[in-house]
């Protein structure tokens, strides 16, 4: 055991002498490893998609780690249930939407990504993952969601009408005119709540270890 440790130390020292960067482990989820570079790429993509400056702070890294842990847990569940992943071609509409939102032409994408030290492949892989997770969440949790008339009426009375009156001078639409919209909002809330409950349970069943040195 002592010899193994010594060899490991020598390898690290040799890499340092050559000027190579060792990518530190940030989080482990059972046997799945999330590295610091994984977290930084996650933050770079998020900053690009939001059109915001990149901020790599301990707090941002921890938030990225939490999100990537949840992604690992969802992807594991997908593998268990053999949920078919989308094709890379399915990313094209989502990529077009990103370009429209950012006001970018396709020919300008490479330069825009370079400002965040990203490649188009980085972006495509992230969008494919997001699309996969969204579709799975809809598949896994939406079928079990039901919204009652009482819930719709309560939301209209307690949420919709006050919000409308704060931002509009015109009379609010009748409940029946916005029923479908309210129902969809409530369905999304229930799906998110079901996902969060499942994630909390999945985290308890997994061995998750955060390496503090990656968040300093």
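The values are calculated or read from the model by the stated rules, or taken from the named source; none is laboratory data. As the structure is a prediction and not an experimental result, all values here were calculated from the model. FYI the Cβ positions are ideal-geometry reconstructions off the backbone, even for glycines, and counts take in every protein chain you see.
Residue 125 satisfies every condition listed in (1) surrounded by fewer than 15 Cβ atoms within 10 Å (Cβ to Cβ); (2) free of Cβ contacts under 8 Å to residues at least 12 places away in the same chain except (1). Number of residues in segment 159-183 that are within 30 Å of residue 70 (Cα to Cα) and either in contact with a helix residue (DSSP H, G or I) (Cβ under 8 Å, 6 or more places away or on another chain) or modelled with pLDDT under 95 (or both) equals 2. Identify the residue in segment 16-36 that is in a helix (DSSP H, G or I) and modelled with pLDDT under 95 and, among all such residues, is surrounded by the fewest Cβ atoms within 10 Å (Cβ to Cβ). Here the residue is 17.
Determine whether residue 122 is outside any loop (DSSP other than H, G, I, E, B) and in contact with a helix residue (DSSP H, G or I) (Cβ under 7 Å, 6 or more places away or on another chain).
Values: outside any loop (DSSP other than H, G, I, E, B): yes; in contact with a helix residue (DSSP H, G or I) (Cβ under 7 Å, 6 or more places away or on another chain): yes.
So residue 122 fits the description; yes.
Quickly run through segment 160-207 and pick out the residues that are within 30 Å of the chain's Cα centre (by Cα) and not in a helix (DSSP H, G or I). Listed by number, the residues that qualify are 206, 207.
Which residues, counting only those in segment 77-96, are in a helix (DSSP H, G or I) and touching a helix residue (DSSP H, G or I) at 6+ places or on another chain (Cβ under 8 Å)?
Step one: of segment 77-96, the residues in a helix (DSSP H, G or I) are 77-81, 88-96.
The answer is 77, 78, 81, 88, 90, 91, 94, 95.
Residues of segment 130-147 that are crowded, with 16+ Cβ neighbours inside 10 Å, touching a helix residue (DSSP H, G or I) at 6+ places or on another chain (Cβ under 7 Å) and assigned to a helix (DSSP H, G or I): 131, 133, 136, 137, 141. For residue 3, the criteria (1) part of a helix (DSSP H, G or I); (2) at pLDDT below 95; (3) under 27 Å from residue 139 (Cα atoms) hold in every case but one, which is (3).
Only a single item in (1) exposed (fewer than 15 other Cβ atoms within 10 Å of the Cβ); (2) more than 12 Å from the chain's Cα centre (by Cα) is not met by residue 67, and it is number (2). Residue 112 fulfils the conditions (1) more than 17 Å from the chain's Cα centre (by Cα); (2) more than 23 Å from residue 30 (Cβ to Cβ); (3) surrounded by fewer than 16 Cβ atoms within 10 Å (Cβ to Cβ) except for a single criterion, (3).
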